Each structure stands twice: as structure tokens, then as C-alpha cells.
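Engineer: Below you will find the structure I want to go over with you.
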């Protein structure tokens with residue numbers, strides 16, 4: 001019986017942490033875009049090695065996603081991507097090709113510019129921003145991958161001549177999908193939806 005109490009306490013702490021996270025995400029998605037002067041562009045990587053792809057879980061909204069982030073002032077897209085991937089995963093990567101631009105309207109309007117990358121050196125390691133990182137076989141992607149990463153991942157795995165442009169609207173269905181995955185991940189200690197748990 002005493003053994004169950006720490007698990008319940010840990011679960012309670014994880015669920016209580018949701019409130020400030022969700023308030024911050026709501027501000028980020030609804031209010032802050034109105035204050036920005038230029039449209040937001042994020043750079044993300046599909047890092048593939050030996051039939052596996054590297055995915056990460058962020059500290060704020062829990063769920064599997066592609067590593068990446070924003071450029072610093074004066075930083076090129078490619079330099080920003082390589083830096084962000086290294087900071088979030090410990091992998092030094094080389095860009096193979098531009099997969100596409102995913103222009104998203106609705107909640108947190110932005111463009112996700114996605115690149116396929118290969119590993120030059122390094123080993124996966126977590127960071128403060130991404131406390132969980134892992135390799136996944138391409139045929140066994142976790143069910144708790146956020147749905148807006150599925151099209152970029154599929155596009156990166158196809159042998160196409162040039163980058164694609166996709167327009168996507170992130171409305172209530174996307175918000176609900178994100179919250180649902182986040183709660184499942186928190187309750188399970190980030191184990192929900194993993195192929196080896198099925």
C-alpha cells in the first residue's frame with residue numbers, strides 16, 4: 001500500500017502542472033501572434049538514421065514531435081535548424097533536403113519549414129527543453145505523435161523532387177488532439193502510445 005502513494009503523488013503533481021502550462025500555451029497560441037510584427041517561421045527536422053527517426057517530447061506540451069525551433073536574429077534557417085536539433089537531441093546533423101513548408105492558420109498561425117537530415121555524429125540525449133528523446137522505427141511511430149507532424153514525416157520519407165507546400169488549419173479538433181495526447185502522456189509518465197506498450 002505505501003508503494004502506491006508516491007505514484008499517486010507524482011501523478012497529482014504532473015496533472016497540477018498542466019494549469020500553468022495550458023495558460024502559457026493559450027497565451028502563446030491566441031494572444032502573442034497579434035503582438036508579433038512578422039509571421040512566425042519554425043524550423044523542424046526529420047532526422048533519419050538506419051531506418052529510424054528521432055522524436056522528442058517537450059517539457060510544456062507533452063507528446064512526440066520533430067525537433068526544431070526558431071532562428072535567432074541574423075541566423076540562417078539552416079544554421080538555426082542544426083543548432084536547435086543539437087540543443088534538443090545531442091545530434092549534430094547535416095541537412096539533406098527541404099521537405100516542405102506547412103502553412104498553419106487558426107491556433108498559433110505559423111509556417112513550419114521542415115528539412116530531412118542525417119546524423120553526422122552524437123548520441124541522443126535529453127535536454128531541459130526536451131526531457132525525453134528516442135529513436136523510433138519508421139513502421140512503429142508512436143500513437144502519441146502530435147497529428148500535425150504526421151504529414152511532414154510522411155513527406156520526408158517519400159523520395160520527391162522538390163519541397164511541398166501544404167496549408168493546414170489548426171482549429172478545435174487540433175487543440176483537442178493536442179490536449180488529449182498531453183494528458184495521456186502525463187498520466188502514463190510519457191509512456192502512452194509507445195509501440196512497445198501495445
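Engineer: Run residue 166 past the list (1) within 24 Å of residue 139 (Cβ to Cβ); (2) not in a strand (DSSP E or B) and report the number of the one that doesn't hold.
Structural biologist: (2)
Engineer: Answer yes or no: is there a residue in the range 82-101 that is part of a loop (DSSP other than H, G, I, E, B), over 21 Å from residue 51 (Cα atoms) and either free of Cβ contacts under 8 Å to residues at least 60 places away in the same chain or in contact with a strand residue (DSSP E or B) (Cβ under 9 Å, 6 or more places away or on another chain) (or both).
Structural biologist: Scanning the range 82-101 turns up no residue that is part of a loop (DSSP other than H, G, I, E, B), over 21 Å from residue 51 (Cα atoms) and either free of Cβ contacts under 8 Å to residues at least 60 places away in the same chain or in contact with a strand residue (DSSP E or B) (Cβ under 9 Å, 6 or more places away or on another chain) (or both).
Engineer: So residue 119 clears everything in (1) under 19 Å from residue 168 (Cβ atoms); (2) crowded, with 18+ Cβ neighbours inside 10 Å except one condition, right? Which one?
Structural biologist: Every condition holds for residue 119 apart from (1).
Engineer: Scan the range 40-55 and give yes if some residue there is surrounded by fewer than 22 Cβ atoms within 10 Å (Cβ to Cβ), part of a helix (DSSP H, G or I) and over 15 Å from the mean Cα position of the chain (by Cα), otherwise no.
Structural biologist: No: the range 40-55 contains no residue that is surrounded by fewer than 22 Cβ atoms within 10 Å (Cβ to Cβ), part of a helix (DSSP H, G or I) and over 15 Å from the mean Cα position of the chain (by Cα).
Engineer: Something else now. Keeping to the range 170-197, report how many residues are assigned to a loop (DSSP other than H, G, I, E, B) and in contact (Cβ under 8 Å) with a residue 24 or more places away in the chain.
Structural biologist: The number of residues fulfilling the criteria is 6.
Engineer: Quick check on the range 174-181. Is at least one of its residues over 14 Å from the mean Cα position of the chain (by Cα), under 17 Å from residue 61 (Cβ atoms) and surrounded by fewer than 14 Cβ atoms within 10 Å (Cβ to Cβ)?
Structural biologist: Within the range 174-181, one or more residues are over 14 Å from the mean Cα position of the chain (by Cα), under 17 Å from residue 61 (Cβ atoms) and surrounded by fewer than 14 Cβ atoms within 10 Å (Cβ to Cβ).
Engineer: Evaluate the following for residue 193: is it crowded, with 18+ Cβ neighbours inside 10 Å, touching a helix residue (DSSP H, G or I) at 6+ places or on another chain (Cβ under 9 Å) and on the phi > 0 side of the Ramachandran plot?
Structural biologist: So residue 193 fits the description; yes.
Engineer: Taking the conditions exactly as written (free of Cβ contacts under 8 Å to residues at least 24 places away in the same chain and farther than 16 Å from residue 108 by Cβ), does residue 159 satisfy them or not?
Structural biologist: Yes; evaluated as a whole, the condition is true for this residue.
Bear in mind these aren't lab numbers, they're just calculated from the coordinates by the rules spelled out. All of these numbers come straight from a predicted model, not from anything done at the bench. Neighbour counts run over all protein chains shown; Cβ positions are idealised from the backbone, glycine included.
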